[in-house]
Amino acid sequence: MDTIDMTIHGLHQALESKQLSSVEATKAMLARIEAVEPQVGSFITVTPEQALAGAEAADRRIAAGDMDILTGVPLALKDIFLTEGIRTTCGSRILDNFIPPYSATSWEKLRDRGAVLLGKLNQDEFAMGSSNESSAFGVCRNPWDTTRIPGGSSGGSAAAIAARQATATLGTDTGGSIRQPASHCGCVGLKPTYGRVSRYGVIAYASSLDQVGPLTRDVTDCAIMLGALAGYDPKDSTSVDLAVPDYVATLPNGVKGLRIGLPREYFIAGLDADVQKAMDAAIETYRRLGAEFVDISLPHTDYAVATYYLIATAEASSNLARYEGVRFGHRSANAEGLIDMMTKSRSEGFGAEVKRRIMLGTYALSSGYYDAYYVKAQKVRTLIMNDFIKAFADVDVMLTPVAPTPAFKIGEKVNDPLQMYLSDIFTIPVNLAGTCAMSLPAGFSTDGLPIGVQLIGRPFGEEAILRAGYAFEQATEWHRASANL
Amino acid sequence: MKYQPVIGLEVHVQLLTDTKIFCGCPTKFGSEPNSQTCPVCLGLPGALPVLNKKVVEFAIKAGLSTNCSITPRSIFARKNYFYPDLPKGYQISQFEDPICQRGWLDIQLEGQAVKRIGITRIHMEEDAGKLVHGDLPGLHDGSGVDLNRACTPLLEVVSEPDLRSSDEAVSYLKQLHQIVTWLGICDGNMEEGSFRCDANVSVMPVGSDTLGTRAEVKNVNSFKFVKQAIEYEIQRQIDLIEDGGTVVQETRLFDPNLGKTRSMRSKEEAHDYRYFPDPDLVPLVIDDEWVERSRRELPELPEQRRQRFITELGLPEYDAEVLTANRALSEYFEAGVAAHGNAKAVANWVMGEITRSLNDSGTAIQDCPVTPLLLAELLKLIDGGTISGKIAKTVFDEMWKSGKAPHVIVEEQGLVQVSDSGAIEAIIDGIMAANAGQVEEYRGGKEKVFGFFVGQVMKASKGKANPAVVNQLLLDKLKG
């Protein structure tokens, strides 16, 4: 098998048996990045020097017998993760000169296990978007069809897997930003339970919804990555002090008797026929594997998108206040006086979608509107959480579509924010409920575009969805398909 | 028309924790600019706050000492506004559900009844950094931001508008100051801003029950300025109304050089702070056990101690007041009483010689070279007749200078009191012989000459003669 096609566990075996060195694997990846990057645009910054230095260090560890499953594995990070000494832009002009003095906990954890950093991945600006089109650093294209979007906001993270530019990547998911691009690019993407993975050193979009997660080639890799990322971080008060299970060990336990809920509100009129077909096939596969299906209801689903766009934008309006040109980032060159400097720096630095959300959020928090918007949204959020709690009394996991359609054309929805926002209707409720979900390759459209299905788990029930995902993967071939690029 | 002032105070108390409220940086004052910072207090992207438990403990202490209820589940909120010294673009504070609520302090002005002043709330928050202007390293005539102070823990203590005069305001403020310094949670330094006050002042016609429009006077950094600023503001508002004008709701700044307040920003320019719960911090849950543990660990408070000095130790009210002015002084006094036994005698010395020497040398009671034990020993030497009260003052001065124990000084300098009547009689005889004229005067009825003889005897004995014995013997001998 070609190095660039390898999974983490496959590469690990090759490294362990000395068929391959990390330097060789890393060079192969860097060559692949160079070759296909003009067509894809997954990366904002490629870091060949750091990658080779990391690979050499990994090879020394391997030679010394100090090897972890991630040692020597070349990874790439969404440009939302702070990396000490390496430019971190969050897809925004306002941070195009920002070199962080510290690293995100999640990257430190991977680095300490010997993972190799290939570079920083393209994304929607400040993770605000579903198509990667709000990036200030150029278009990112879907490797399956380069006229189409890869999804967003972790577009680069999914495209880099599909284009075989990295063995695995990290993304963040606030309303579907890992799962939707994973679905569009035919890879596995997991949004862990809120609090499962540290947010320290991850640039905040909406703090009560943001969560770090992996994008991988298969479920096993996803389990490996989650095991490495999960755990309490004393630097993040919202991370939860709960033991981290061995996610890989329980993968083969099967789905016999597993109760899978089908929330009726997710099977709406106007669902794309190919998506419906993939769902039906997935249901059939699980039935064959011995799972039971239960018809369930999540009655407040209709309010999820509106609720999300109040809470997320309110938090964003405050989180993005620190970008004003005083201490770091873009400072306007033609400002006079303090207020002018802050105003111009922000006006010049932020893109249209970010400005739109800052204004929405500022409005929702304003005196006189706070109760009608922010407080009410929080109440509805509680109702949505309760929907999930009630439904999970009857089922172990839920199965739903990830996105209503396969990847759409670049530019197709860019002038219609509402249509763009609706592409996250199946993923947003999971963030509001704070629970975990995974996107799994489950078929192709008639145009040959990947389609994913979503497994939703109970809070801290990642084991169950990984196990269910693994069983599906063993029974299907979808994850083995690769983009012709 | 007569006017009734209505005053409420918001006091910021800087807490004496070693580290900041949401990160591990030190809180030390006066370090190199931006040397005590980290990603959290610099407000860098991706940084997250973690609450310092010590701050919560201090807040609970302050709440219990001011008769507040401790909120079982309190919330941190973001107060959003742009300013270069506010690195995140918001201040983490508390808005709904602050940690302490509904407390009070009793104040009493000279000659008036005790008055209860309500405390609306006490909440925790982080301080901002500060701006520096002028010639800075690498920047001519510029402005710089020093974030050493950013994220320093503060308590904001908000009173009800129960205060009716500048004197009441100062009395309340002094009592609050005494409590937080007594608890050891604040150094109380008003000049450095560790204890600072904003005053909300309004006036209304006497007899009215509708409050007037208030002005908020910012950052008044001494008790004297608080009094001045409030009095100026009251008069300004009365003059304005009398002249047919209306008071506008605004924020005003006190200028201590002019003794005046001036407008800083109007209501229209006021910020909409867009408070909302900080999603980076989980709700702070304080159970009864924690509250009760804190209550048990509270020191005896100044008011309780003052009462005990009066009832248990029999001190006059004045002495009790003076000796509870601060915790260290009252503890010194109590240690002295424990070692000696006579509270009034110890009180007299602490309020007299000790206080005088401390003041003269600018020494804090904690650094007093004469320890309570040595003071007690000195008093015992007086009680036992080894030295006279007068000689004791000489011994005390020497103790202050050398730190030596009093019995050592008495021995080294031969200051033991002479009570042997034979020796004293000999001195008296000599003096009477040398001053026959005065002896005649005394015997002729001029009794005030007696003092002359006492003085002569004490002088001849170098102060060591026991005054009681001298008096008795002199009386006997002069009568003939």
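The values are calculated or read from the model by the stated rules, or taken from the named source; none is laboratory data. On a predicted model such as this, the values are computed, not experimentally measured, just so you know. A quick note on method: Cβ atoms are made from the backbone with ideal geometry, for glycine too, and the neighbour counts reach across all protein chains shown. Heavy atoms of the whole protein, side chains included, go into the accessibility calculation; ligands, DNA and RNA do not. Shrake-Rupley method; radii C 1.70, N 1.55, O 1.52, S 1.80 Å.
As for the stretch B:173-188, it holds no residue that is among the aromatic types (F, W, Y) and either open to solvent by 30 Å² or more (accessible area, probe 1.4 Å) or without any contact (Cβ under 8 Å) to a residue 12 or more places away in the chain (or both). Of all residues in the stretch B:255-278, those satisfying the criterion of being within 22 Å of B:M204 (Cβ to Cβ) and outside any loop (DSSP other than H, G, I, E, B) are B:T261, B:S263, B:S266. Name the residue that is least open to solvent (accessible area, probe 1.4 Å), counting only residues in the stretch B:386-419 that are in a helix (DSSP H, G or I) and hydroxyl-bearing (S, T, Y). Per the stated criteria, the residue is B:S402. When the helices (runs of 4 or more DSSP H) confined to the stretch A:380-485 are screened for residues that are touching a Leu at 6+ places or on another chain (Cβ under 9 Å), at pLDDT 95 or above and open to solvent by less than 10 Å² (accessible area, probe 1.4 Å), those reaching at least 1 such residues are found at A:428-433, A:462-475. Quick check on my filter: what residues within the stretch B:250-271 are more than 24 Å from B:R78 (Cα to Cα) and open to solvent by 70 Å² or more (accessible area, probe 1.4 Å)? Of everything in the stretch B:250-271, those that are more than 24 Å from B:R78 (Cα to Cα) and open to solvent by 70 Å² or more (accessible area, probe 1.4 Å) turn out to be B:N257, B:L258, B:K260, B:R262.
Among the residues of the stretch A:124-137, the ones that are open to solvent by 10 Å² or more (accessible area, probe 1.4 Å) and either in contact with a Cys (Cβ under 7 Å, 6 or more places away or on another chain) or not aromatic (F, W, Y) (or both) come to 5 in all.
Do we find a residue being within 14 Å of chain B (Cβ to nearest Cβ), small (G, A, S) and open to solvent by less than 40 Å² (accessible area, probe 1.4 Å) anywhere in the stretch A:294-305? Looking for residues that are within 14 Å of chain B (Cβ to nearest Cβ), small (G, A, S) and open to solvent by less than 40 Å² (accessible area, probe 1.4 Å), one finds none in the stretch A:294-305, hence no. Before we move on, is A:G119 in contact with a helix residue (DSSP H, G or I) (Cβ under 8 Å, 6 or more places away or on another chain), among the small types (G, A, S) and open to solvent by 10 Å² or more (accessible area, probe 1.4 Å)? For A:G119, the condition - in contact with a helix residue (DSSP H, G or I) (Cβ under 8 Å, 6 or more places away or on another chain), among the small types (G, A, S) and open to solvent by 10 Å² or more (accessible area, probe 1.4 Å) - is not met. For the stretch A:313-324, filtered to residues that are without any contact (Cβ under 8 Å) to a residue 40 or more places away in the chain and either part of a helix (DSSP H, G or I) or more than 8 Å from chain B (Cβ to nearest Cβ) (or both), the residue that is farthest from A:I99 (Cα to Cα) is A:A321. Candidates are the residues of the stretch B:272-285 that are more than 9 Å from chain A (Cβ to nearest Cβ) and surrounded by fewer than 18 Cβ atoms within 10 Å (Cβ to Cβ); the one that is farthest from the chain's Cα centre (by Cα) is B:P283.
Can you tell me which of B:V291, B:V322 is in a helix (DSSP H, G or I) and touching a residue at least 40 places away in the same chain (Cβ under 8 Å)? When all the criteria are applied, what remains is B:V291. Any idea which residue in the stretch A:259-277 is surrounded by the fewest Cβ atoms within 10 Å (Cβ to Cβ), counting only those that are touching a Phe, Trp or Tyr at 6+ places or on another chain (Cβ under 8 Å) and of a type in the set (A, V, I, L, M)? Top of the filtered list is A:L262. Here B:R78 passes the criteria (1) closer than 26 Å to B:D288 by Cβ; (2) open to solvent by less than 10 Å² (accessible area, probe 1.4 Å) except the one numbered (1).
Checking the condition within 31 Å of the chain's Cα centre (by Cα) and surrounded by 23 or more Cβ atoms within 10 Å (Cβ to Cβ), which residue from B:L48, B:L9 passes? Result of the check over B:L48, B:L9: B:L9. In the stretch A:24-47, the residue that is farthest from A:S92 (Cα to Cα) out of those that are out of contact with any strand residue (DSSP E or B) (no Cβ under 9 Å at 6 or more places or on another chain) and buried (at least 20 other Cβ atoms within 10 Å of the Cβ) is A:R32.
Does the stretch A:351-365 contain at least one residue that is in a loop (DSSP other than H, G, I, E, B) and either within 12 Å of chain B (Cβ to nearest Cβ) or open to solvent by less than 10 Å² (accessible area, probe 1.4 Å) (or both)? No: the stretch A:351-365 contains no residue that is in a loop (DSSP other than H, G, I, E, B) and either within 12 Å of chain B (Cβ to nearest Cβ) or open to solvent by less than 10 Å² (accessible area, probe 1.4 Å) (or both). Pairs please, first residue from the stretch B:434-458 and farther than 16 Å from B:N471 by Cβ, second anywhere and in a loop (DSSP other than H, G, I, E, B), Cβ atoms under 8 Å, 6+ apart in sequence or on different chains. Matching pairs, first to second residue: B:R443/B:G480. A:E292: more than 30 Å from A:R87 (Cβ to Cβ) and without any contact (Cβ under 8 Å) to a residue 12 or more places away in the chain, yes or no? The answer is no for A:E292. Residues that are within 11 Å of chain A (Cβ to nearest Cβ) number at least 2 in the following strands (runs of 3 or more DSSP E) confined to the stretch B:1-111: B:77-80, B:90-93. Taking (1) within 30 Å of A:A316 (Cβ to Cβ); (2) under 28 Å from the mean Cα position of the chain (by Cα) in turn, B:E303 satisfies each apart from (1).
Within the stretch A:75-88, can one find any residue that is of a type in the set (F, W, Y), at negative phi and in contact with a helix residue (DSSP H, G or I) (Cβ under 6 Å, 6 or more places away or on another chain)? Steps first, answer last, please.
We begin by selecting, within the stretch A:75-88, every residue of a type in the set (F, W, Y); these are A:81.
Restricting the remaining residues to those that are at negative phi gives A:81.
In the following step, the residues that additionally are in contact with a helix residue (DSSP H, G or I) (Cβ under 6 Å, 6 or more places away or on another chain) were identified as A:81.
Yes, the stretch A:75-88 has at least one match.
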